[in-house]
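Taking it in order: structure first as structure tokens, then the write-up.
Just so it is clear, none of the values below were taken in a lab; they were calculated from the coordinates. Computed from a predicted model, the values in this text were never measured in an experiment. All Cβ positions, even for glycine, are placed from backbone atoms using ideal geometry, and neighbour counts span all protein chains on display.
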Amino acid sequence: MAFWTGSKFCLVFNIGWSTCSRNGNGEPGRERSSRRGVAPPRHLKPGSPGRRLTEDRFAVQTLLTPELLRRLEQFQLLARRRAKSSLKGERRSKARGQSVEFADYRNYVAGDDFRYLDWNLYGRLDRLFLKLYEEERELPVTVFLDASESMTFGEPRKFDFARQVAAAAGYVALCGFDRVSVVVFPDLLEQPMDESELKARAQELAARAALRSVRGRKSALQFFQNLNQLAARGATEFNEALRRGALQARQTGVAVVLSDFLDPAGYESGLGALVGRGFQVNAVQILAPEELNPTAYGDLRLIDSETGAHQEVTFGKYRLRAYKQTVQKFCQRLREYCAGRGCNFFLATSDTPLEELLLKQLRQAEVWG
């Protein structure tokens, strides 16, 4: 079962197909991946201060508007559990240490620091008590960003919308002095590439490596620039990427999963690995408007954008109705799976106003506030 919208295809989920494009002659073509926005002026010399400043603004504005950035600065990611990281930050934790936040008293024992004795309490009770303070730690935030070929579908593209949400989540975390790690999948290094192709992708590989560990508000600009270097290509490795991320994480924290969840292998083992490791999971399913409400009919030749497999189908009113029911059931199963495991679930189309998702839905679900 499938549908076609002008120049692009999408196949129904139960046969594991994805998206592709057609050229003007009705034959399969390549998906264009041009960036949106205005390029930096060409009259400025590369490396000049003026060009760098223009490129910096370009990197930010292609992802988030200045007004939205100002509003996001007011938020902080909300954690259900106390931070367990070993690195200092601005989150309350169960650890005891040096800070201005008083936590409790305990009896003095030989060797304790006299500076933390409560002499007022000693004057009243004639006993020595040591003041304990709450250690502030950082909250690890991991963003899993699906960059498979199926994310290039839609207008605007699903991948562009996912990058914007990743930028917003990362910016909120960085403003709160939390550490951000963006895991982009599939892994480019596991795909076959010759030497020339490896050189062409060197900049993106460097950006992916830099995104694995980012901390501090001063890193926000470079964070946006690295996100702009990413491109969507290859077959999805959803479950493997999430399982690997769960195993490699030194500390658990908040996980934000940005994907269309259209992996023929499913999503259960990947999400289950994050939940089992103790992550607070926020799953954001991003679909193109055409994937939810197709309107085209006729004889179609469908090509899987990730595997190249194709199929001839006839799409009429009956199949259109059946397709919409299948989509609704698929999304509902994903929603119920997340709810049963304590995960937040959000469904957004790639043309959803960013403010609607970030400032309303995520805030109401207490992802941040």
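Taking neighbour Cβ counts within 10 Å as the exposure measure, how do Leu188, Leu132 sort from fewest upward?
Going from least to most buried by this count: Leu132, Leu188.
On full extension of the chain, what length is gained from Ala200 through Ser269, given 0.36 nm per residue of separation minus the C-alpha to C-alpha distance?
That pair, Ala200 and Ser269, stretches by 21.5 nm at full extension.
Quickly rank 299-307, 322-330, 167-175, 192-200 as a protection proxy: mean count of other C-beta atoms within 10 Å, highest first.
Ranking, from highest mean packing down: 167-175, 299-307, 322-330, 192-200.
In Å, what is the Rg of the alpha-carbon atoms in the range 103-179, and how long is Dmax?
That works out to 25.2, 74 Å for Rg and Dmax.
Give me the extension gain from Arg277 to Glu67: residue separation times 0.36 nm, minus the current Cα-Cα distance, reported in nm with one decimal.
Additional length available on full extension: 72.0 nm.
For the range 262-338, take N as its residue count and report Rg(C-alpha) divided by 2.2 N^0.38 Å.
For the range 262-338, the normalised Cα radius of gyration is 1.38.
Once all Cα-Cα distances of the range 109-235 are split into 5 Å bins that start at 0, what whole-number percent is in each one?
Result, from short to long distances: 2, 9, 16, 15, 12, 9, 6, 4, 5, 5, 5, 5, 4, 2, 1, 0 percent.
Provide the packing ranking of 356-362, 244-250, 145-151, i.e. peptides ordered by the mean count of other C-beta atoms within 10 Å per residue, highest first.
With the highest mean Cβ count within 10 Å placed first, the list reads 145-151, 356-362, 244-250.
Karplus couplings for the range 256-272 from phi (6.51 cos²θ - 1.76 cosθ + 1.60, θ = phi - 60°), rounded to Hz, Gly and Pro as x?
These are the phi-based 3J(HN,Hα) values: 10, 9, 10, 6, 8, 6, 9, 9, x, 7, x, 9, 4, 5, x, 5, x Hz.
For the range 201-349, take N as its residue count and report Rg(C-alpha) divided by 2.2 N^0.38 Å.
1.24
Could I have the simple spin-label model distance between Lys324 and Asp187, label points 7 Å from Cα toward Cβ, reported in nm to one decimal?
Simple spin-label model gives 4.3 nm for this pair.
Measuring from label point to label point, each 7 Å out along Cα→Cβ, what is the Glu336 to Leu247 span in nm?
Result for the modelled spin labels: 3.1 nm.
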